[in-house]
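What follows is a short report on a single structure.
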Amino acid sequence: MTVSTGDFAKAVRVGRPPNIQKRFPHSQALLVSGKFIDLAMIKKGKAICIAANGRNSFVIRGALKAAQRANSALIIEIARSEGGATPYCAVNYWNMPRIVDAACNELGITIPVALHADHYGIKKEDDIPDAKIEIPTMFEAGITSIAIDASHLPDDKNLLTNLELKPFIPDWAGLETEIGEIKGKEGLSTRSEALFLIQGLNAHAIFPNWIALNNGTVHGIEASGQGIQVKLTRDIHEALAPYHVSGAQHGTSGNSSQRLKEIAQQTNTTKANVATALQMISWGLEVNDDGNAALDENGNFIKVKGEGVSESMWEKMVAHADANGWKGGNFKKLNLPFENKLLGLPAEIRERMEKRVESFIYNLIVNVFNAADTADLAIEAICEANGFDPGPKADRIEDPLAWTAEKIIQRAASIESNNGPDGNFDD
């Protein structure tokens, strides 16, 4: 299934939001609001869009090639810890749109792509004033979708933070919200928490595309074996059905293809983040079906000869990690100091890095997430909307007078919550 040339041309003409039109006036890249990606997955049914964390340029290019090959809509994202003001990646909120736009035009990419600012974390109330300054600059740079993650805060402050920051997000942009700071098998999200956040937003005419839960997994390397809790996710999504909010699945690394298929088939999830696995794959490390990098008998990552980076470059990366005391998941910190070094590798090395990512993502899109041919559905949605904003999926059904700041604080006191340990889990 492919859309007509005329429909694609119309989508480029009317579907790119104002910031993209201003930033890339001569581009033919179909960079769109995350709203259209969500709608395409809903229209296909039981489909999930891969949200590839672009920790390096090779992941971005490999993801674009895979989605083009599968005719799938795509989300490219970066989290605040990865690419915010104090990053561990060279790709960031402000240059990612340029990188994606350039790659789309170079590679002839015609599928719709959303540019998502993932995990814009608010960990304390003092973060809010800076966020009001920074968030608009990200949209000026070309971001088309954002996740406000105040899940480190108590439930009332999480909701109030979302309400306070929404005026700084364009109405046309895709929006994700989050409950239950991701913390593995501890502190799982509850139905009460999810309803509290979504009902409170609804009362103020804010209609997120996605809600992210702590449903039993982690970011980075999953070692607990607990994995995503499909029933918990399904139960929460069913409770949220009147509000027409989709699920965003975080921390897919460490979960088998079968578990991810169950999330696609049994829940209302339309977005799934993949980060650590793609980084490892681009470097040429051995990765199992769960997306976890394999370890040798000494607990070291296994580099596959002739794949990913060159063997000499991998030796330099390992030496740099050792010198800094970086082990396991902290190898992610190699992204920033080594991006330019990797870009300076011979073309055949760079191409095999991209190809390895492409193969992994293509399999996820087609055989796990059921997202093949969703590009056409997103373009159809753009043409039907005849513009860059399809509008909200939901209507306001909650009484705003019942959700004043004072009543939000009162309501929060009675929420059933399952708080876990403190930590920084926003990768």
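Every number here is computed from the coordinates shown, using simple stated rules; none is lab data. Remember, predicted model here, so these are calculated numbers, not experimental data. Every residue, glycine among them, receives a Cβ derived from its backbone with ideal geometry; neighbour counts consider all protein chains shown.
Using only side-chain charges placed at the Cβ, +1 for Lys and Arg and -1 for Asp and Glu, the dipole size of the chain relative to its Cα centre rounds to 840 debye. A cut-off of 5 Å between modelled amide H atoms, ignoring neighbours fewer than 5 places along the same chain, links C49 with K271, A272.
Rounded to 0.05, the FRET efficiency of the I409 and A241 pair, given R0 = 25 Å and the Cβ-Cβ distance, is 0.40.
Can you find, among A66, Y93, H119, the residue farthest towards the positive end of the dipole of region 1-153? Put +1 on the C-beta of Lys and Arg, -1 on that of Asp and Glu. The one lying farthest along the dipole's positive direction is A66. If one computes P(r) from the Cα atoms of region 261-414, what percent of pairs lie at distances over 25 Å? Pairs farther apart than 25 Å: 54 percent. Looking only at T86, T270, T110, which one moves most when the chain is put into a Gaussian network model with springs between Cα atoms under 10 Å? Judging by the Gaussian network model, the answer is T86.
Proximity of backbone amide H atoms, modeled 1.01 Å from N, is registered between S246 and W210, I211 at under 5 Å, excluding neighbours fewer than 5 places apart on the same chain.
Of all stretches in the chain that contain no GluC sites (Glu not before Pro) in a DSSP loop with at most 13 other Cβ atoms within 10 Å, the longest one is 126-296. In region 100-126, which residues have a backbone nitrogen under 17 Å from the label point lying 7 Å from T137's Cα in the Cα-to-Cβ direction? Counting backbone N atoms under 17 Å from the label point, the list is 117-118, 120-122. Under a 10 Å cutoff between Cα atoms, tell me which one of P167, P390, P17 has the largest fluctuation in the Gaussian network model of the chain. Result: P167 has the largest fluctuation of those listed.
Amide hydrogen proximity for A117: with H placed 1.01 Å from N in the peptide plane, the residues at 5 or more positions away or on another chain lying under 5 Å are T144, S145, I146, A147. Full extension of the chain between S256 and N340 yields a length gain of 27.0 nm, computed as 0.36 nm times the residue separation minus the alpha carbon distance. What lysines does K316 reach when the alpha-carbon gap must be under 20 Å and sequence neighbours fewer than 8 apart in one chain are set aside? Here the lysines satisfying the reach criterion relative to K316 are K303, K305, K327, K332, K333, K341. Largest GNM mean-square fluctuation across N288, N202, N335, computed for the chain with C-alpha springs under 10 Å, falls on N288. Subtracting the Cα-Cα distance of A9 and E106 from 0.36 nm times their residue separation leaves 33.2 nm of extension gain.
If you take every residue apart from K271 with its C-beta less than 15 Å away from the C-beta of K271, what net charge results, scoring Lys and Arg +1 and Asp and Glu -1?
On the way: positive: K35, K43, K44, K46, K393; negative: D38, E77, D118, D149, E176, E178.
Taking every Cβ under 15 Å from that of K271, the sum is -1.
Rounded to whole numbers, the Karplus 3J(HN,Hα) couplings from phi for region 305-318 are 4, x, 10, x, 5, 5, 4, 5, 5, 4, 4, 5, 5, 5 Hz, using 6.51 cos²θ - 1.76 cosθ + 1.60 with θ = phi - 60°, and x at Gly and Pro.
Each Cα pair under 8 Å and six or more residues apart adds its sequence gap; the mean of these over the residue count of the chain is a relative contact order of 26 percent.
Per-residue ellipticity at 222 nm from helix content only, as computed over the chain with -39500 (n - 2.57) for each DSSP H run of at least four residues, stands at -13000 deg cm²/dmol. Neighbours of N92 by Cβ distance under 10 Å: Lys/Arg scored +1, Asp/Glu scored -1, total 0. Other residues lying with their Cβ under 14 Å from the Cβ of R16 contribute a combined charge of +3, Lys and Arg counting +1, Asp and Glu -1.
In order along region 325-332, the Karplus-derived 3J(HN,Hα) couplings, from 6.51 cos²θ - 1.76 cosθ + 1.60 at θ = phi - 60°, round to x, 8, 10, x, x, 6, 4, 4 Hz, and Gly and Pro are given as x. Of all DSSP bridge pairs formed entirely within the chain, close to 10 percent run antiparallel.
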